[in-house]
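S.K.: Got a structure for you, questions after.
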Amino acid sequence: HDLSAQASVRVGLEQELRRALERGQLSLFYQPKISLHDLQLIGAEALIRWHHPTLGEISPDRFIVLAEENGMIIPIGDWVLEHACQQMHLWNQTYEPFGPVSVNLAGAQLHQPKLLGRIQQLLRTYDLKPGCLQLEITENSIMSQTEEALEALHQLKHLGVQLAIDDFGTGYSSLSYLKRLPLDTLKIDKSFIRGLPDDPHDAAIVRAIIALGRSMQFSIIAEGVETQAQQTFLAAEGCEHIQGYLISVPLSATEFAETFLRTSI
């Protein structure tokens with residue numbers, strides 16, 4: 001009985017998700033990324049939000065998994081890419097450039113033969129330099145990719161788009177595979193940041209990831225930073241950038257601009 005109730009809730013949610021895209025219920029929020037060297041803004045992550053008129057806010061943890069299972073992740077992922085580019089274009093009219101906006105790219109999107117062309121088209125349409133877009137790909141979706149997907153990453157890198165590996169340390173990385181990836185940035189997963197600075201295991205893992213990233217010339221960012229003690233630990237260990245509630249919750253485009261961006265004169 002419980003299972004069938006869960007199944008019907010799920011089917012209902014799937015139908016609502018299909019309509020959410022058409023009905024303009026999705027929006028992007030932006031979480032700033034800060035340099036630990038001088039505490040200046042160096043970029044932002046675009047995060048999807050779904051506000052349903054009767055169900056209220058629906059967590060991405062719930063609907064992204066659904067979308068990945070039912071194929072909706074392709075149109076949703078495309079919507080996110082387009083809206084992030086559109087937003088950067090708007091900001092560029094008024095504000096000084098501040099670094100790349102990163103967008104989460106699902107594994108399924110990497111398999112889309114048109115991905116490279118689509119990104120080139122968006123950069124042209126919105127008059128953006130390739131370097132102002134960063135694609136974050138989770139460790140597990142990268143590890144399960146085919147040679148074609150690896151080729152797609154190399155083409156994107158060649159185009160000048162930035163590439164980051166997300167949730168690093170939570171998946172099944174083979175280090176020999178990691179060295180073949182044309183990455184710019186390694187993102188330390190928030191599950192390892194939570195226990196800092198007191199948990200010796202988290203501290204050891206974070207130190208190891210930072211050492212690995214630095215030796216491979218990746219830039220390193222920690223996500224989910226919530227306390228000053230975590231920030232102090234990361235700065236001392238040589239992590240370059242952070243994002244998390246300590247700096248700011250994700251903000252609407254308007255709030256983000258008002259709080260963090262400088263008007264170009």
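The values are calculated or read from the model by the stated rules, or taken from the named source; none is laboratory data. As the structure is a prediction and not an experimental result, all values here were calculated from the model. Cβ coordinates were reconstructed from backbone atoms using ideal geometry, including for glycine residues, and neighbour counts include every protein chain displayed. Heavy atoms of the whole protein, side chains included, go into the accessibility calculation; ligands, DNA and RNA do not. Shrake-Rupley method; radii C 1.70, N 1.55, O 1.52, S 1.80 Å.
S.K.: Are any of the residues in the range 227-238 surrounded by fewer than 19 Cβ atoms within 10 Å (Cβ to Cβ) and either at pLDDT below 95 or within 30 Å of residue 26 (Cβ to Cβ) (or both)?
M.R.: Checked the range 227-238: no residue is surrounded by fewer than 19 Cβ atoms within 10 Å (Cβ to Cβ) and either at pLDDT below 95 or within 30 Å of residue 26 (Cβ to Cβ) (or both).
S.K.: Then there's this: Here are some residues: 42, 76, 48, 64. Which one is within 21 Å of residue 107 (Cβ to Cβ) and either in a loop (DSSP other than H, G, I, E, B) or in contact with a Pro (Cβ under 9 Å, 6 or more places away or on another chain) (or both)? Walk me through how you get there before you give the answer.
M.R.: Details: 42 fails: within 21 Å of residue 107 (Cβ to Cβ); 76 fails: either in a loop (DSSP other than H, G, I, E, B) or in contact with a Pro (Cβ under 9 Å, 6 or more places away or on another chain) (or both); 64 fails: either in a loop (DSSP other than H, G, I, E, B) or in contact with a Pro (Cβ under 9 Å, 6 or more places away or on another chain) (or both).
Of the residues listed, the single one that is within 21 Å of residue 107 (Cβ to Cβ) and either in a loop (DSSP other than H, G, I, E, B) or in contact with a Pro (Cβ under 9 Å, 6 or more places away or on another chain) (or both) is 48.
S.K.: Additional query: Filter the range 3-39 for residues that are part of a loop (DSSP other than H, G, I, E, B), in contact (Cβ under 8 Å) with a residue 40 or more places away in the chain and open to solvent by 50 Å² or more (accessible area, probe 1.4 Å) and give the result. Let's see the steps before the verdict.
M.R.: Of all residues in the range 3-39, those part of a loop (DSSP other than H, G, I, E, B) come to 23-25, 36-39.
If we keep only those that are in contact (Cβ under 8 Å) with a residue 40 or more places away in the chain as well, we get 36-37.
Within the range 3-39, 37 is the sole residue that qualifies.
S.K.: Of all residues being part of a helix (DSSP H, G or I) and in contact (Cβ under 8 Å) with a residue 24 or more places away in the chain in the range 176-190, which is nearest to the chain's Cα centre (by Cα)? Just the residue, please.
M.R.: Going through the range 176-190, the residues part of a helix (DSSP H, G or I) turn out to be 176-178, 190.
Narrowing the set further to residues that are in contact (Cβ under 8 Å) with a residue 24 or more places away in the chain leaves 177-178, 190.
On the way: 177: 21, 178: 18, 190: 13 Å.
If we take residues in the range 176-190 being part of a helix (DSSP H, G or I) and in contact (Cβ under 8 Å) with a residue 24 or more places away in the chain, then 190 is nearest to the chain's Cα centre (by Cα).
S.K.: For the range 202-222, indicate whether the set of residues that are part of a loop (DSSP other than H, G, I, E, B), of a type in the set (Asp, Glu) and either crowded, with 17+ Cβ neighbours inside 10 Å or in contact (Cβ under 8 Å) with a residue 60 or more places away in the chain (or both) is non-empty. Steps first, please.
M.R.: Filtering the range 202-222 for residues part of a loop (DSSP other than H, G, I, E, B) gives 216-218.
This time we only want the ones that are of a type in the set (Asp, Glu), so: none.
Checked the range 202-222: no residue is part of a loop (DSSP other than H, G, I, E, B), of a type in the set (Asp, Glu) and either crowded, with 17+ Cβ neighbours inside 10 Å or in contact (Cβ under 8 Å) with a residue 60 or more places away in the chain (or both).
S.K.: Follow-up. So residue 167 clears everything in (1) at pLDDT below 95; (2) farther than 18 Å from residue 103 by Cβ except one condition, right? Which one?
M.R.: The one condition residue 167 does not meet is (2).
S.K.: Still on this model: When the range 67-99 is examined, which residues are found to be of a type outside the set (Val, Ile, Thr) and under 13 Å from residue 21 (Cβ atoms)? Talk me through it step by step, then tell me what you get.
M.R.: Of the residues in the range 67-99, the ones of a type outside the set (Val, Ile, Thr) are 67-72, 75, 77-79, 81-93, 95-99.
Listed by number, the residues that qualify are 67, 70, 71, 72, 75, 77, 78, 79, 82, 83.
S.K.: May I pose another question? Taking the range 41-67, which residues are farther than 21 Å from residue 137 by Cα and of a type in the set (Val, Ile, Thr)?
M.R.: Of everything in the range 41-67, those that are farther than 21 Å from residue 137 by Cα and of a type in the set (Val, Ile, Thr) turn out to be 54, 58.
S.K.: Separate question: If you take the residues in the range 196-219 that are hydrophobic (A, V, I, L, M, F, W, C) and in contact with an Asp or Glu (Cβ under 8 Å, 6 or more places away or on another chain), which one is farthest from residue 246 (Cα to Cα)?
M.R.: Of the residues in the range 196-219, the ones hydrophobic (A, V, I, L, M, F, W, C) are 196, 203-206, 208-212, 216, 218.
Now restrict to residues that are in contact with an Asp or Glu (Cβ under 8 Å, 6 or more places away or on another chain): 196, 206, 210, 218.
On the way: 196: 14, 206: 18, 210: 20, 218: 24 Å.
The residue in question is 218.
S.K.: For the range 1-43, which residues satisfy the criterion of being of a type in the set (S, T, N, Q) and under 30 Å from residue 231 (Cβ atoms)?
M.R.: Keep residues of the range 1-43 that are of a type in the set (S, T, N, Q), which gives 4, 6, 8, 15, 25, 27, 31, 35, 40.
Passing the criteria: 27, 31, 35, 40.
S.K.: Please enumerate the residues belonging to the range 144-157 that are open to solvent by 10 Å² or more (accessible area, probe 1.4 Å) and either among the aromatic types (Phe, Trp, Tyr) or under 24 Å from residue 241 (Cα atoms) (or both).
M.R.: Result: 157, single match.
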